[in-house]
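Here the structure is laid out as structure tokens; the discussion comes afterwards.
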Amino acid sequence: MRTGIKAVVIGGVCVTLLGGAGYGVYNLASALNGDDGTAGSAAPVETGPPSGSEVRETTRAFFAAWARGDAATAASYTNFPQAAEELLTAYGEDAHIGRMRITPGAATGDTVPFTVRATVSYDGGSHPLSYHSALTVVRGETSYRPLVDWRPSVVHPDLRKGDTLLTGESAAPEIEPVDRDGKVLTRQKYPSLGPVLDELRRRYGDRTGGRPGVDLVIRHQAAADGSEVADTTLLTLVKGKPGRLPTTLSASAQAAAETAVMKYPESSVAAVEPSTGEILAIANNRRDGFDAALLGERAPGSTMKIISAATLIDIGKTTANGPAPCPPSAVWQSQTFHNLKGLRPDEHATLADSFARSCNTAFVKYADEVKVDSLTREAEDRFGLGRNNWQVGVTSFDGRVPASGGPDTAANLIGQGQVQMSPLNMASVTATAATGAFRQPVIVPLKLDGREPARARGLSPGTTGQLRAMMNRTARSGTAAGVMAGLGGDIGAKTGSAEVDGEAGSDSWFAGYRGDVAAAAMVQEGGHGIDAAGPIVASVLRNAG
């Protein structure tokens, strides 16, 4: 959508404002002139929430100005007129939306739902547009006027801060993405793939032999790192010719992932094929629409002990059958660490024992013997994390394991402190533990555009064998046993929960593999690993084939 936008102003807008649920006659001329009909007298200053009549009158005036294309006047009825005028102007001039009819619904207090029916006109063609939104009327902080509480979602429910609307020829042709078996993948059938498909279209649309169409899109603000974010298509006026784009996804795994996350709010999951690094599924169920499966940056809790255990083995501090005592508490640089409530101490525990039971203190006790950067180097050199060089085919977060001093040296070992991961990162960690080899996750074949994947040494056969044995024990008789029960074949798992500052509940984490499928899930404030993330991963492993 970056090219071909024409600055055409639509004239002769037909405005029809329908009455709704108690909306009475309102004198627009008085509103626009600021005249309350009491010349010569000073009106008393209103305070407190807007009254019902103020909500009705302000809403009616705002709708009327917006519907006739008068962005400046409509913006004057908001508490952020400059931002409102910019977006409302783009609505008519850049998005070419006109012939509006706005139908208010019944107000609930100071909030008014409404329906917009309009026409998008571009280059001699037109297409109807219809959607629902809502606004809230507040009291101005200094003017004390009743004003529309401005936010982009007033204009369209999918708009966020920094977004705008555009209509024009697509920057990239439509794509017909297909899974590894040639099955067509659509956002209608697999909603979680919506943002991924938008980015794939932006990146690869011109490589697939398709022809651009004409769309109404949301142009998103650039990402924090300055990279472009793919447009979101709201309406297609002229269909282009889609080009076929192969992906590594599996329709069956994606369907299983979509179904699994719908059972748990604020959840995300990613699955990869350990033998190749190919991404099999990505799914999210989040109110904010954020693709946390690929881009999430959250403390991974005890799933991080996969890397921590590998570190302890690789630097020669212990082995799976070597000592890793599990005391009731452990102190590191004046910070006291505890285990999950109810976990019985075991001063004679091995690393395999403490791993399977997810004993925090066993790992914290080793903080004295681990160099500040040991965990960082293990994550980078063997698991391929934290170097910001993954070439997935779409934007991804590559994990963060900083060399943190102070109490964070111990906290990092148990997936707290400054460690940050996404479900895709932990699915990759699980795949590396299962095979001993780091294979950077990909969602489109590398040969499509000649990408060079990130590389890492991977694990020695000895470390791999010990990790697999510990993860298998965890899945069959440790903290993950209840979730993994009934899954046959070669399995392994690790549970986790992570505390996050300012949030009441812990994040639920779970990572596991079965055969040639590795998956990891995170549920914000979902509790323990077995409470929410575990069932998601188990469902994907059970149905991914």
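The values are calculated or read from the model by the stated rules, or taken from the named source; none is laboratory data. Values in this document were obtained by computation on a predicted structure and should not be read as measured data. Heads up, the Cβs are rebuilt from the backbone with ideal geometry, glycines too, and the neighbour counts pull from every protein chain shown.
Observations on the model:
- Qualifying strands (runs of 3 or more DSSP E) (wholly inside region 104-148; at least 3 residues being touching an Asp or Glu at 6+ places or on another chain (Cβ under 7 Å) and closer than 18 Å to Thr58 by Cβ): 125-139
- Residue check, Leu343 at pLDDT below 95 and more than 30 Å from the chain's Cα centre (by Cα): yes
- Residue among Asn472, Asn425 that alone is touching a Leu at 6+ places or on another chain (Cβ under 8 Å), under 24 Å from Gly277 (Cα atoms) and either free of Cβ contacts under 8 Å to residues at least 24 places away in the same chain or crowded, with 23+ Cβ neighbours inside 10 Å (or both): Asn425
- For region 41-52, the criterion of being at pLDDT below 95, under 24 Å from Thr142 (Cα atoms), part of a helix (DSSP H, G or I) and more than 33 Å from the chain's Cα centre (by Cα) is satisfied by no residue at all.
- Flag if Thr395 is surrounded by fewer than 24 Cβ atoms within 10 Å (Cβ to Cβ), outside the structural domain of Val196 (by TED's automatic domain parsing) and closer than 30 Å to Arg207 by Cβ: yes
- Looking only at region 317-343, and only at residues there that are of a type in the set (Val, Ile, Thr) and part of a loop (DSSP other than H, G, I, E, B), the one that is farthest from Thr409 (Cα to Cα): Thr319
- Unmet criterion (only one of (1) of a type in the set (D, E, K, R); (2) in contact with a helix residue (DSSP H, G or I) (Cβ under 6 Å, 6 or more places away or on another chain); (3) closer than 17 Å to Leu166 by Cα) for Glu86: (2)
- Selection from region 159-196 of residues that are exposed (fewer than 15 other Cβ atoms within 10 Å of the Cβ) and of a type in the set (A, V, I, L, M): Val184
- Count of region 145-192 residues which are within 19 Å of the chain's Cα centre (by Cα) and more than 24 Å from Ser133 (Cα to Cα): 3
- Among the residues of region 386-413, those identified as charged (D, E, K, R) and either without any contact (Cβ under 8 Å) to a residue 60 or more places away in the chain or part of a loop (DSSP other than H, G, I, E, B) (or both) are Arg387, Asp398, Asp408.
- Hits in region 453-473 (condition: of a type in the set (Gly, Ala, Ser) and over 16 Å from Thr318 (Cβ atoms)): Ala454, Ala456, Gly458
- Any hit, region 261-273, residues being of a type outside the set (Gly, Ala, Ser) and under 20 Å from Asp490 (Cα atoms): yes
- Residue under evaluation Phe290, criteria (1) under 23 Å from Gly505 (Cα atoms); (2) surrounded by 22 or more Cβ atoms within 10 Å (Cβ to Cβ), criterion not met: (2)
- If the condition is being over 17 Å from the mean Cα position of the chain (by Cα), among the hydrophobic types (A, V, I, L, M, F, W, C) and more than 30 Å from His96 (Cα to Cα), then region 226-270 contributes Leu245, Leu249, Ala251, Ala253, Ala255, Ala256.
- Region 197-210, residues that are among the hydroxyl-bearing types (Ser, Thr, Tyr) and surrounded by 23 or more Cβ atoms within 10 Å (Cβ to Cβ): Tyr204
- Of everything listed in (1) assigned to a helix (DSSP H, G or I); (2) without any contact (Cβ under 8 Å) to a residue 40 or more places away in the chain, the single unmet condition for Gln418 is (1).
- Condition met for Ser126 (under 27 Å from the mean Cα position of the chain (by Cα) and either small (Gly, Ala, Ser) or assigned by TED's automatic domain parsing to the domain that holds Arg451 (or both)): no
- Check on Asp353, modelled with pLDDT of 95 or more, outside any strand (DSSP E or B) and either among the acidic types (Asp, Glu) or not assigned by TED's automatic domain parsing to the domain that holds Glu278 (or both): yes
- For Ala293: the one exception among (1) under 17 Å from Arg201 (Cβ atoms); (2) modelled with pLDDT of 95 or more; (3) not in a strand (DSSP E or B): (1)
- Taking region 55-101 as the range and being surrounded by 21 or more Cβ atoms within 10 Å (Cβ to Cβ), within 32 Å of the chain's Cα centre (by Cα), at negative phi and not in a helix (DSSP H, G or I) as the test, the residues that pass are Thr78, Ala95, Ile97.
- Region 188-215: number of residues that are of a type in the set (D, E, K, R), modelled with pLDDT of 90 or more and not in a helix (DSSP H, G or I): 2
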